[in-house]
Amino acid sequence: VVKFLDLVAQYESIKDDVDAAIARVIGNAAFIGGPDLKSFESEFAAFQQAEHCVGVANGTDAIEIAIEALDLPANSEILVPANSFIASSEAVTRAGHRVVFCEADAISYTIDLADAERRITPKTGAIIAVHLYGHPCDMTGLMELADRHNLKVIEDCAQAHGAEIDGRRIGAVGHIGTFSFYPGKNLGAYGDGGAILTNDADLARRSRMIANHGRIDKYDHQFEGRNSRLDGLQAAILRAKLPHLQGWIDRRNAIGQRYLSGLAGIDGLTLPSIKQNVRHAFHLFVVRTAHRDALQGWLKQQGIDSGVHYPIALPDLAAYDYLRSDSTPTLASELAPTLLSLPMGEHLSDADVDQVIAAVRAFQP
Ligand SMILES: Cc1ncc(COP(=O)(O)O)c(C=O)c1O
């Protein structure tokens, strides 16, 4: 059996460090705040080459809090790519703004900048750049576009820990960046967790206050915030994992390259493309075929797990009936039934990857 993801195997490979981290937090009763949270924030900021990191409860809260911290006028329009997980758009509405879906580029699957620019109006306040599947958006083009129109850029890095563009880690390339530590992510907690990164000290301070009831000091609440914290246990577990992250990402890239060469030249199968100036994080390895469901079924018969990210494009979800119009993006809807995520992660051996390649090659539509 080739698993899509194997968190038990990962735990077994780092068991002593994780067990010691958990025992340390319980031994100090440092459940909320505490030394592990503080250290993780600075270690993760350093890893991602950002100046500030604020731990929060999950990646969805991270986006919502980041948007709030930007302090845009109420009901601003925020551009969101149509191909993402609902958190990217849900956070916009929850923060009191209006979602404007944009086309996703058919090659990188990230936001199509030309389409985004056409959707800008005087009410547009920000763009959410989702580094989907771990491949960075064109941040140079995006920042230029944002500068031209005076927009803020939020990087949704939930799938892209460790990804780079022009030799620089993503996360603080835009004005503010958000991460998820959902267990299956490239860096995953043992529960929910998230973080906000930025090089802007004011945005970091505001984010920290919003996430902690609008305060810095214990009962001195400057405004109404909320409770969204990365807890001490999760921070300690993430700290135990962080030293391994670069190796895991390197392994994901090696697997990605092995798939790319092993699967090259199959009729009707589109492989992910990697831009020259990026380092992919390969959270997911997503191929495209008109026979997606049949291929998935065939792989299952061969004992190979796969996934679909995402079965329904955001604009087609019932949650977004209210936004549908003639200008609703369509490309993500066309792509949705064709996308298949092959097993990806450091748990895979070369033999596992070769087994997947052989099975895909043997598939007869
Ligand atoms: C692109 C993207 N954004 C945001 C999130 C939300 O993260 P979380 O599940 O930690 O709330 C996820 C993952 O779940 C995601 O894939």
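The values are calculated or read from the model by the stated rules, or taken from the named source; none is laboratory data. In this text, all values refer to a predicted model and were calculated from it rather than measured experimentally. All Cβ positions, glycine included, derive from the backbone under ideal geometry; neighbour counts span all protein chains shown. Ligands, DNA and RNA are stripped out before the accessible areas are found, and what is left, the full protein with its side chains, is counted by its heavy atoms. Shrake-Rupley method; radii C 1.70, N 1.55, O 1.52, S 1.80 Å.
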So what's the gap between the Cα centers of region 300-348 and region 130-177, to the nearest angstrom? 22
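Run lengths n ≥ 4 of DSSP H only: what is the helix-derived mean residue ellipticity at 222 nm for the chain, with -39500 (n - 2.57) per run over all residues, to the nearest 500? Walk me through the numbers before you get to the answer.
Working: 12 runs with 141 residues, N = 365.
It comes out at -12000 deg cm²/dmol, rounded to the nearest 500.
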Excluding Gly55 itself, what net charge comes from residues whose Cβ is under 13 Å from its Cβ, given Lys and Arg +1 and Asp and Glu -1? -2
Pop out the ³J(HN,Hα) list for region 298-315 in order, Karplus 6.51 cos²θ - 1.76 cosθ + 1.60 with θ = phi - 60°, rounded to Hz; leave Gly and Pro as x. 4, 4, 4, 4, 8, x, 10, 7, 8, x, 10, 10, 10, x, 10, 5, 3, x
Dipole in debye (nearest 20) - region 251-341, about Cα centre, beta carbon charges: Lys, Arg +1; Asp, Glu -1: 580
Please give the net charge around Asn212, taking every other residue with its beta carbon less than 14 angstrom from that of Asn212, where Lys and Arg add +1 and Asp and Glu add -1. +1
Counting only residues 5 or more places away or on other chains, whose amide H sits under 5 Å from the amide H of Arg169 once H atoms are built in the peptide plane? none
When the chain is treated as a GNM, springs tying every alpha-carbon pair under 10 Å, which of Leu113, Leu317, Leu238 comes out with the largest mean-square fluctuation? Leu317
Show me, for region 211-222, the HN-Hα J-couplings you get by feeding each phi into the Karplus relation (A = 6.51, B = -1.76, C = 1.60, θ = phi - 60°), rounded to Hz, glycine and proline as x. 6, 10, 6, x, 9, 10, 9, 3, 10, 9, 7, 7
Give, rounded to the nearest 20 debye, the magnitude of the charge dipole that the chain has about its Cα centre when Lys and Arg contribute +1 at Cβ and Asp and Glu contribute -1 at Cβ. 200
Taking Cα pairs closer than 8 Å and at least 6 residues apart, the relative contact order of region 138-251 in percent is 19
Tally the DSSP beta bridges in region 107-182 and give the antiparallel ones as a percent, rounded to 5. 20
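In the neighborhood of Lys275, defined by Cβ-to-Cβ distances under 15 Å, what is the net charge if each Lys or Arg adds +1 and each Asp or Glu adds -1?
Values: positive: Arg168, Arg279; negative: Asp105, Asp112, Asp138, Glu164, Asp166.
So the environment of Lys275 carries a net charge of -3.
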Need the full-extension length gain, Arg94 to Ala362, defined as separation in residues times 0.36 nm minus the C-alpha distance. One decimal, nm. 91.8 nm
Violations at 30 Å Cα threshold for listed pairs Lys3/Lys38; Lys15/Lys38; Lys185/Lys275 -> Lys3/Lys38
What is region 170-272 by shape, rounded, prolate or oblate, if you read a ≥ b ≥ c off the alpha carbon gyration tensor as root eigenvalues and call it rounded for a/c under 1.5, prolate for a/b larger than b/c, and oblate otherwise? prolate
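Express as a percent, rounded to the nearest 5, the fraction of DSSP beta bridges in the chain (both residues included) that run antiparallel.
Working: 22 of 39 bridges.
Within the chain, antiparallel bridges account for around 55 percent of the total.
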Round to a whole number: what % of the accessible area of the chain belongs to carbon and sulfur, probe 1.4 Å? 50
Of Leu197, Leu342, Leu269, the one that fluctuates the most in a GNM where the chain has Cα springs shorter than 10 Å: Leu269
Name the long-range amide H neighbours of Val130: under 5 Å, sequence gap of 5 or more, or other chain; modelled H, no Pro or chain starts. Ile111, Asp156
At Asp321 and Lys218, where each label point lies 7 Å from the Cα along Cα→Cβ, what is the point-to-point distance in nanometres? 5.0
Run the simple label-point estimate for Ser42 and Val308 please: 7 Å along Cα→C-beta, distance reported in nm. 4.7
Output the Cα-based Rg and Dmax of region 62-138 in Å, rounding Rg to one decimal and Dmax to a whole number. 11.8, 34
Residues with amide H under 5 Å from that of Val2, placed H, sequence gap 5 or more: Ile304, Asp305
Within straight cross-link reach of Lys300, meaning Cα distance under 16 Å, which aspartates and glutamates are found once same-chain residues fewer than 8 apart are removed? Asp352, Asp354
Compute a Gaussian network model of the chain, connecting alpha carbons closer than 10 Å, and tell me which residue from Ala281, Ala104, Ala319 fluctuates the most. Ala319
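Quick one: grab the alpha carbon gyration tensor of the chain, order the square roots of its eigenvalues as a ≥ b ≥ c, and give me rounded if a/c is under 1.5, else prolate or oblate depending on whether a/b is larger than b/c. Write down the numbers at each step before the final one.
Numbers: a/c = 1.95, a/b = 1.16, b/c = 1.68.
The shape class here is oblate.
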Shape call for region 221-365, from the Cα gyration tensor axes a ≥ b ≥ c (a/c under 1.5 means rounded, otherwise prolate when a/b beats b/c, else oblate), comes out oblate
So what is the relative contact order of the chain, in percent, for Cα pairs below 8 Å that sit 6 or more residues apart? 22
